[in-house]
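Read the structure below first, then the notes.
Read-outs throughout are calculated quantities, based only on the coordinates presented, and are distinct from any laboratory measurement. Fair warning: this is a prediction, and the values are worked out from it, not measured in the lab. In this analysis, Cβ positions are derived from the backbone assuming ideal geometry, glycine residues included, and neighbour counts consider all displayed protein chains.
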Amino acid sequence: MKTMTCKQLGGACDTEFHANTFEEIAEMSKKHGMEMFQNSDFAHLRAMNEMKELMKAPGAMNEWFENRRKEFNALTENE
Ligand SMILES: [Zn+2]
């Protein structure tokens with residue numbers, strides 16, 4: 001298992017996600033983000049807007065994901 005925080009995944013808090021694959025952790029972070037969005041959490045709404053702006057550039061989404069994936073792969077496993 002590896003650990004990444006909401007912040008590391010483009011979010012706004014220190015909530016930790018634990019998963020074996022990047023796909024899993026990305027999915028967890030997405031769900032968490034949607035919950036925060038439904039709760040109208042200001043910090044997360046702002047982070048999402050920043051992300052949306054960033055994603056307007058062509059290829060930015062893929063690049064962002066690849067960079068997060070590299071970070072994830074570079075992490076050391078924890079039990
Ligand atoms: Zn969060």
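Things to note:
- Of the GluC sites (Glu not before Pro) found in segment 31-78, the ones in coil according to DSSP and having at most 16 other Cβ atoms within 10 Å of their Cβ are GLU77.
- Take the Cβ atoms of GLU66 and THR5, set R0 to 25 Å, and the FRET efficiency comes out at 0.85.
- Fewest-first ordering of PHE65, PHE42, PHE72 by other beta carbons within 10 Å of each residue's beta carbon gives PHE42, PHE65, PHE72.
- Charge dipole of the chain about the Cα centre (unit charges at C-beta), most positive-ward option of TRP64, MET36, THR15: TRP64
- Of all aspartates and glutamates in the structure, those lying under 13 Å Cα to Cα from LYS70, and not within fewer than 8 positions of it along the same chain, are GLU23.
- About its Cα centre, the chain has a charge dipole of approximately 280 debye under the convention of +1 per Lys or Arg Cβ and -1 per Asp or Glu Cβ, with nothing else charged.
- Least to most buried among ASP14, ASP41 (fewest other Cβ within 10 Å first): ASP14, ASP41
- The residues CYS13, CYS6, when put in order of fewest to most other Cβ atoms within 10 Å, stand as CYS13, CYS6.
- Value of [θ]222 nm, deg cm²/dmol, for the chain, DSSP H segments ≥ 4, -39500 (n - 2.57) each, nearest 500: -18500 deg cm²/dmol
- Estimated from the Cβ-Cβ distance and a Förster radius of 35 angstrom, the FRET efficiency linking GLU77 and PHE42 is about 0.55.
- Radius of gyration (Cα atoms) of the chain, expressed as a multiple of 2.2 N^0.38 Å: 1.09.
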